[in-house]
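First up is the structure itself, then whatever we jot down about it.
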Amino acid sequence: MKDLWRDEDAGADDIAQVVYLSNLIGTDVDLVQPGGGNTSVKLAEDDVFGDRVEALAVKGSGTDLRTITAAGFTHLSGDRLATALTPNPSPTRRGEISDEEMMSLMRACMLFPDRDPVPSVETPLHSIIPHRFVAHTHDVATLSLSDTPSAREHVERVYGADVAFLAYLRPGFPLAKGMAERYANGLPKDATGLVMEKHGLTTWGDTAKECYANLLSIISRAEEYLAGRDKRSFGGAAPALDEAGRREAAARFAPMIRGELHRIGAWRSVLAFDDSPEVLEAVSSERFAELAARGVMTPEHIMRAGRRPLVLPLETGRSEARPSAITSAFADFRAEYERYLAANGQDEPIPDWLKVIAAPGVGAFFAGKDRRSALIAATCYKATLRAMAGAEAVETFQSLSDADACEMEYWPLERRKIAASLKATKPLDGKIALVIGAASGIGRATAIRFAAEGAHVTLADLDLDGAQRAADEINESSPERAQAIAADAADPAAMENAVREAVLRFGGLDVLFYSPGVPPQLHSVAEMADDEVQTQLSVHYEGAVAATRAASQVMLAQGPSTPAGAGLRTGFGGRLIYNASKAAFAPGEGAAAYGAAKAALVHYARNAANELSRYGITANYINADAIDTPLFRSLVKERAESRGETEEATLARYAERSIFRTATVPPEAVADAALWLASDASAYTSGCVITVGGGAEAMPR
Ligand code: ZN
C-alpha cells in the first residue's frame with residue numbers, strides 16, 4: 001500500500017480531516033470497493049440548541065468513501081449512543097433487539113435529523129471504539145489472512161499483539177454487540193486495529209493521520225507476508241480466445257445470459273463484459289469453478305456481486321456452447337440456489353441473486369440494474385479474486401458458511417433498500433436502446449429522451465463528434481448511460497457492428513430506433529439520377545434491413561421470456577421503431593427517390609411486425625413531417641432556391657398547409673412518440689404509424 005497522505009491536503013478541522021481520510025481510502029479498490037467501508041470521528045460541537053455536546057460523526061448510509069464530503073456524515077449524540085448501546089439499559093429494552101429497533105435508536109441519536117443522512121448500519125462499531133478517528137475497510141490484504149480456515153493463527157503470526165482478532169459476526173448490530181462483550185474491559189492496550197474474520201479490518205488513531213498510518217502499517221505487513229508466499233493462484237490457465245474471438249463470443253453469449261437472468265430472477269439486467277487479463281486468467285484456470293463456489297471475500301459483496309458466480313459450461317479456449325446447454329446450466333444453478341435457500345429457512349428468492357457469470361476462455365459478465373451497478377459488481381468480484389489468490393497463498397480460501405451467507409443475503413435492512421432500487425420507476429428503466437442517426441435532429445432528441453426515461457443508449461452516427469457530444473451530455477447527468485460510435489447507415493456491416501457494440505457495452509438490446517437521414521436531391525422523375533436513387537435506398541431502406549436483422553437476432557436470443565399467461569407487457573420482447581416520413585405516404589415534388597425509399601421502409605416495417613410480433617417484438621414507424629432538424633432546414637433551402645423565393649417564404653408556405661398552422665415541429669415531439677413506442681405500454685401495438693406534425697396530406701390513408 002502506497003502512503004498517499006499529504007499534510008497540506010489534509011484539512012484543518014476534524015470533519016475536513018475525516019473527509020480527507022475517507023477519500024484517500026476510497027480511491028484504493030484494494031482497501032474498499034464502491035459503497036463499502038466506513039469512517040468516523042468523535043468531536044465536541046454545538047447541537048441545534050447551541051449546547052456543546054460530545055458527538056460522533058459517521059459516514060451516512062448510501063454514501064461512498066471515494067466521493068464523500070462533509071455533508072455525507074451523520075452527527076450523533078455520544079451520550080445517547082452510549083445509552084442505546086449499553087447492554088440491557090432499561091427494563092423496556094431488555095433482551096434481544098432487532099436491527100430495525102437498533103436503527104430507530106440510532107436515528108433517535110441524530111443531532112441534526114433534518115440535515116444529515118441516515119447513519120451507517122455499522123455506527124455502533126464506531127461508537128464502541130474509544131479512539132477519535134476510526135476507519136473500517138474491506139481490504140484484500142487482511143482478508144487474504146482471514147478468509148481462511150486458520151484465520152486467527154495467521155493474524156497472530158503476522159501482527160502478534162498489535163492487532164486484535166474477532167471471529168465472524170454478521171455486520172451491523174450483532175458485530176458491535178459481540179465486540180462490546182468481547183472487549184468489555186477495553187480493547188487490547190497496544191492494538192492499533194482489529195481484524196474482523198471474513199469481513200475486514202478496523203483501525204483507529206487519535207488523529208486522522210495516526211489512523212491512516214496505522215492502516216498503512218497493518219496493510220503493508222500483510223502484503224509483505226503475502227509477498228513471501230508461493231502464489232499458487234488458481235492452477236494452470238488454459239489458453240483463452242484471442243481478443244476478436246472473445247468479443248465475438250461475448251456478443252453471442254450476452255443476450256442469452258440476459259434472457260436467462262430474466263427467466264430465473266424476473267429482472268431486466270444490464271451486463272458489463274470484462275475480459276481484462278486479471279479476470280480472463282482467473283476464469284480460465286483449472287480450479288476456478290471449485291474456488292468460486294466457495295463464495296465472496298466479505299459479506300457486503302454478497303449483495304453487490306451475488307453469493308457466488310455461475311460458470312458457463314464452455315470448454316476452455318472455445319466459445320461454443322449450445323443455447324440449450326446454457327439454459328440448463330442456469331436451471332441447475334437455480335435449483336441449487338433453491339436448495340440453499342430451503343436449507344437456510346428462506347423460500348422466496350430475491351430477483352437479482354445472480355450477478356456474476358464466468359465464461360472460461362472468454363471473460364466474465366457482471367449484471368446490475370444499470371451499468372453502474374454492473375461495474376460495481378465487477379469491482380467487488382475482482383477484489384474477491386485477489387483475496388482468493390492471497391488466501392490460497394496463505395492457506396486455502398474459505399468464505400462464510402451457507403447459513404451466514406444466507407443471513408446476510410436476506411438481511412431485511414439491506415434487502416429493503418435493494419428491492420426499492422430494483423423497482424422500475426421510469427418507463428425505460430433497465431432497457432437498452434440503439435439509436436441510428438443520433439448526432440442531430442430527431443435521433444439526438446430521442447436518444448436524450450430515452451436516457452432521461454431510464455434507458456442505456458448507444459448513439460450511432462456517421463458524424464461521430466456529434467454523437468459523442470450527445471452521449472457526453474447524457475453521461476454528465478447519468479454516468480455510464482450512453483456511448484457513441486461511428487456508423488454509416490449505408491453500410492450494412494456498419495449497422496451490424498452498431499448492434500454488436502451496443503450488446504458488448506450493455507449486454508443486449510431492447511429498442512432499435514432507426515432514424516438516419518440524407519436530404520433528397522430534388523430531381524424531376526424525368527431527370528432522376530441513379531446515384532440519388534441508390535443513396536436514398538441504402539440510407540433509408542437497406543440500412544434499416546441490416547440493422548433490423550442484427551437487432552432482431554439479439555432480441556430473439558434474449559428469448560420470448562414472457563411467463564405463461566403474463567402477457568406481452570411483462571415479457572422481454574423488443575421494440576423496432578423506424579422514422580418514416582410524410583414522403584412515404586404523400587408524393588413530394590422532386591423527391592420521388594426519397595419518398596419511395598421511405599415507402600419501402602414502411603412496408604418493410606409492416607413485414608417485420610407480421611413476423612416478429614408473436615415473440616413480443618413490435619415494429620412501428622413514425623410519420624414525421626416538417627420537424628425542425630438540420631435535414632429539414634437543408635430541404636427548405638433547396639426548395640426556396642428551386643422556387644426562386646426566400647426561405648422565409650417557403651417556411652410561410654409550410655405554416656399555411658400545417659394543421660397546426662406552424663412551419664415546424666420540434667424534434668422532441670417525435671421523441672415523445674418514440675418513447676411511447678419504446679415502452680411496455682405499447683406492447684400490443686405493432687405494424688402501426690404515428691403521425692407527428694405536418695399537414696393534412698401527412699395523414700396516411
Ligand atoms: Zn464492513
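The values are calculated or read from the model by the stated rules, or taken from the named source; none is laboratory data. As the structure is a prediction and not an experimental result, all values here were calculated from the model. Because the Cβ atoms are built from the backbone with ideal geometry, glycine has one as well, and the counts that use them run over all protein chains shown. The area values use the complete protein model at the heavy-atom level, side chains included, leaving out ligands, DNA and RNA. Shrake-Rupley method; radii C 1.70, N 1.55, O 1.52, S 1.80 Å.
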Skip the ligands, DNA and RNA, and give the accessible area per residue of the chain with a 1.4 Å probe, whole Å².
40
In whole percent, how big is the carbon plus sulfur part of the accessible area of the stretch 469-622, probe 1.4 Å, protein atoms only?
49
Compute the separation of the alpha-carbon centres of the stretch 219-249 and the stretch 422-488 and state it in Å as a whole number.
36
List the lysines whose Cα lies under 29 Å from the Cα of Lys177, skipping any in the same chain that are fewer than 8 positions away.
Lys42, Lys59, Lys189, Lys198, Lys209, Lys417
Around Gly695, what is the net charge, scoring Lys/Arg as +1 and Asp/Glu as -1 over all other residues with Cβ under 13 Å from its Cβ?
+1
Quick check of the Kirkwood formula: for the stretch 180-267, what is the inverse mean of 1/r over all pairs of different Cα atoms, in Å?
18.5
The chain shape via C-alpha gyration tensor axes, a/c threshold 1.5
prolate
Isotropically averaged projected area of the stretch 322-470, using the convex hull of Cα atoms (one quarter of hull area), nm²:
12.8
By per-residue mean of other Cβ atoms within 10 Å, what is the highest-first order of 2-12, 56-66?
56-66, 2-12
Using only the Cα atoms of the stretch 243-422, what do you get for the radius of gyration and for Dmax, in Å?
15.3, 46
Report, in whole Å, the centroid distance computed from the Cα atoms of the stretch 358-397 and the stretch 187-213.
27
For the stretch 7-227, what % of the accessible area comes from carbon and sulfur atoms, probe 1.4 Å?
52
C-alpha center-to-center spacing [the stretch 28-51, the stretch 647-695] in angstrom
53
Which FRET efficiency value, to the nearest 0.05, do you get for Ile97 and Arg661 by plugging their Cβ-Cβ distance into 1/(1 + (r/R0)^6) with R0 = 56 Å?
0.20
Could you tell me whether the stretch 302-407 comes out rounded, prolate or oblate from its Cα gyration tensor? Rule is a ≥ b ≥ c as square roots of the eigenvalues, rounded for a/c under 1.5, then prolate if a/b exceeds b/c, otherwise oblate.
rounded
Which of the peptides 109-116, 445-452, 464-471 is most tightly packed, and how do the rest follow, judged by the mean count of other Cβ atoms within 10 Å per residue?
445-452, 464-471, 109-116
When the helix-only estimate is applied to the chain (DSSP H runs of n ≥ 4, each -39,500 (n - 2.57), divided by the residue count), what is the mean residue ellipticity at 222 nm, nearest 500 deg cm²/dmol?
-14000 deg cm²/dmol
How big, in percent, is the set of alpha carbon pairs in the stretch 22-64 lying more than 17 Å apart?
46
Isotropically averaged projected area of the stretch 7-227, using the convex hull of Cα atoms (one quarter of hull area), nm²
12.4
